[in-house]
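Structure record follows, encoded as structure tokens.
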Amino acid sequence: MLRKRQERGFTLIELMIVVVIIGLLAALAIPRFMAVSTKNKQAEAKLILKQIYVSQRAYRQAGNSYFLPAAAASSSNPSGFADITVEIMSTANYTYTITGTINTFIARATASALDDDVAVDIWEIDHLGNLVCLSDDAQL
């Protein structure tokens, strides 16, 4: 009497079903991860802009005018705002600019390609402390 040998393992169909399920899960998870990653990068802009606002208020109290730098501050020019004690990190994603007059200012944070697309992310804060998003890369 011959015994039939029992085969162990997975069939090709079973493996293909697993690959399809993993692909679907990845297709759903990756865009959500990118949006969360972009939101985390935007936290940098909000934090630095609020720091610029507080430092500008203190600078004005000391000298009766707001600080208006000649150049932007970014990871390549981290000490651009040293006069108001705001230093930009070497890993910064944004470029920061301050424009205005002796009585008003607008600080702007601009980043291109936060999530590897062509959209630009722009945040601003003014001398009254109003923080607004002009172009939200996470929503595009």
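Would you tally the net charge around Leu131, using a Cβ to Cβ cut-off of less than 12 Å, leaving Leu131 out, and scoring K and R as +1, D and E as -1? Net charge around Leu131: +1.
Can you pull out the GluC sites (Glu not before Pro) in region 1-64 that DSSP calls coil and that have at most 15 other Cβ atoms within 10 Å?
Working: sites: Glu7, Glu14, Glu44; in loops: Glu7.
Sites meeting the loop and neighbour criteria: Glu7.
All other residues with a Cβ under 12 Å from the Cβ of Met34 taken together, and with Lys, Arg as +1 and Asp, Glu as -1, what is their net charge? Provide the component values of the computation, followed by the final result.
Details: positive: Arg32, Lys39, Lys41; negative: Asp115, Asp116, Asp117, Asp137.
Surrounding charge for Met34 is -1.
Along the chain, counting only trypsin sites (Lys or Arg not before Pro) with a DSSP assignment other than H, G, I, E or B and at most 14 other Cβ atoms inside a 10 Å radius, the longest segment between sites is 9-140. In degrees from 0 to 90, rounded to the nearest 10, what is the angle of the helix 12-63 Cα long axis to the longest principal axis of the chain? On a 0 to 90 degree scale, this one is about 10. Once you have a ≥ b ≥ c as the square roots of the Cα gyration tensor eigenvalues for the chain, tell me rounded if a/c is under 1.5, and otherwise prolate or oblate according to whether a/b is larger than b/c. Verdict is prolate for the chain.
FYI, it's all coordinate maths here, none of it is from the lab. This structure is a prediction, so every number in the text was calculated from the model and none was measured. Positions of Cβ are backbone-derived with ideal geometry, glycine not excepted, and every protein chain shown enters the neighbour counts.
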